[in-house]
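Worksheet for the structure shown next.
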Amino acid sequence: MSPNDAFRIVVLPGDGIGHEVMAPCLTLLDAAARRIGGFSLSFDQHDAGAFVYRDTGVALPSQAMTAARRGDAILLGAMGWPEIRYPDGTEIAPQLDLRFELGLYAGVRPVRTLPNLPQVLADPRARSLDFVIIRESTEGLFASRGKGIVEADREARDTMVITRKVCEPLFDFAFGLARRRKARGGRGVVTCVDKANVFASLAFFRKIFDERAARHTDLLAEHAYVDATALYMVRRPWELDVLVTENMFGDILSDLGAGLAGGLGFAPSADIGDQHAVFQPCHGTAPDIAGQGKANPTAMVLSGAMMLEWLGERHSRPEAIRAGELIRSAVDRAFAAGLKPVESGGADGTHAIGAAVLAAIQEIDPQGL
């Protein structure tokens, strides 16, 4: 894009609270861009998800998919609904279709605690967690999605797939992220999380990790089995830096990480490939609170901040990176001032949280970022 162009953001609010958390996110993204200056955002919204499938038989319309391919980034709310399913009983999940169609192999799941929230772990070191789980997002056990076999109602099989083609860029991405974190004071450690002592596919996963680690000697490479990692995440999460793991393992561990940070409403994410990226909160559509104004938009907002930083890095636009930093700083300031979402036992709903972060964006001096 040229310096005068707007970044084209394809917006897929989805279902349930997806629409509710998307609205304040777009407002805050625009406010941050204006506050920093030097770039702008153009939002292109499309319908997709469970209710679109119910009404049309297609969960991700071709028009939305075409827009996603052409956009600079994709911002997704939440998709799916318990009562709306495919004929085989699985849930409607266009977000998975996007990962496979666009080759979004690196699922980035930050775990970062915010100020002034109830502490999940008693140890005072758990008040300031900051580590990242990188979940391979296109193969692993999820390669069997839609391909599982059930034989005569007697047994069922799903197959795990690990390929060098995906693992090599995945591990290089993990080391690159650890290097950027190290430059900002991080530990510079990448841990390969697997079950290489049992499965040949995951021994292969580890073998490729070690090969790529040899190319990044300025960083420390470690190994851990997934069951031990679950223990470490509860017993000493403040020692973690960057964890890279198989798809299903990452799916499970990232929810554990969200629990450590206070809940899914505080858990942003990105699915990144060589050419495209989707940014979305880790939470679902929350049918139990949809339409009540109680949804916590923090994860959606922080996903938007990740999007700005990715756009800035990809297009060498430091102003976009600073806008992402501004949003993250504004979220921290709003929570430090006493913001408490309904999710955390407080009274602050979607509108109140969005308004508090917007006020903080206007208060922060961008030059101090």
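Here, each number is a calculation from the coordinates, and none is a lab measurement. Just so you know, these numbers come straight off a predicted model, no measurement behind them. Ideal geometry is used to build each Cβ from the backbone, glycine not excepted, and the neighbour counts take in all protein chains shown.
Structure data summary
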item: Footprinting exposure proxy for Val226, Val301 (fewest neighbouring C-beta atoms within 10 Å first); result: Val226, Val301
item: GNM flexibility winner over the chain from Val331, Val150, Val166 (Cα, springs under 10 Å); result: Val150
item: Mean residue ellipticity (222 nm) of the chain, computed from DSSP H runs ≥ 4 via -39,500 (n - 2.57), nearest 500; result: -13500 deg cm²/dmol
item: Dipole in debye (nearest 20) - the stretch 119-261, about Cα centre, beta carbon charges: Lys, Arg +1; Asp, Glu -1; result: 520 debye
item: Inter-label distance for Thr217 and Arg184, nm, one decimal - labels placed 7 Å from Cα along Cα-to-Cβ; result: 2.8 nm
item: Whole-angstrom gap from the stretch 257-279 to the stretch 130-198, using each part's C-alpha centre; result: 15 Å
item: Of the DSSP H helices in the chain, those whose Cα atoms cover at least 30 Å axially and whose Kyte score averages -1.0 or more; result: none
item: Whether the stretch 311-365 is rounded, prolate or oblate, judged on the alpha carbon gyration tensor where a/c under 1.5 counts as rounded; result: prolate
item: Percent antiparallel among DSSP beta bridges (both partners in the chain, rounded to 5); result: 45 percent
item: Using a Förster distance of 35 Å, the FRET efficiency for Phe100-Ala337 (Cβ separation, nearest 0.05); result: 0.25
item: Unit charges on C-beta of K, R, D, E only; dipole of the chain, Debye; result: 920 debye
item: Antiparallel bridge percentage (DSSP; both residues within the stretch 119-261; nearest 5); result: 20 percent
item: Tyr86, Tyr105 arranged by Cβ crowding within 10 Å, fewest neighbours leading; result: Tyr86, Tyr105
item: Net lengthening on full extension, Glu151/Trp238 (0.36 nm per residue, minus Cα-Cα); result: 26.8 nm
item: Potential extension, Phe43-Asn197 segment - 0.36 nm per residue separation minus Cα distance; result: 50.7 nm
item: Modelled FRET efficiency - R0 30 Å, Tyr86 with Ser128, Cβ distances, 0.05 increments; result: 0.10
item: Least to most buried among Ile208, Ile353 (fewest other Cβ within 10 Å first); result: Ile208, Ile353
item: Kirkwood Rh in Å, taken over all unlike Cα pairs in the chain; result: 21.0 Å
item: The stretch 119-261: equivalent-ellipsoid semi-axes (sqrt of 5 x gyration tensor eigenvalues, Cα, Å); result: 28, 20, 12
item: Gaussian network model of the chain, Cα within-10 Å springs - most flexible of Ala64, Ala359, Ala183; result: Ala183
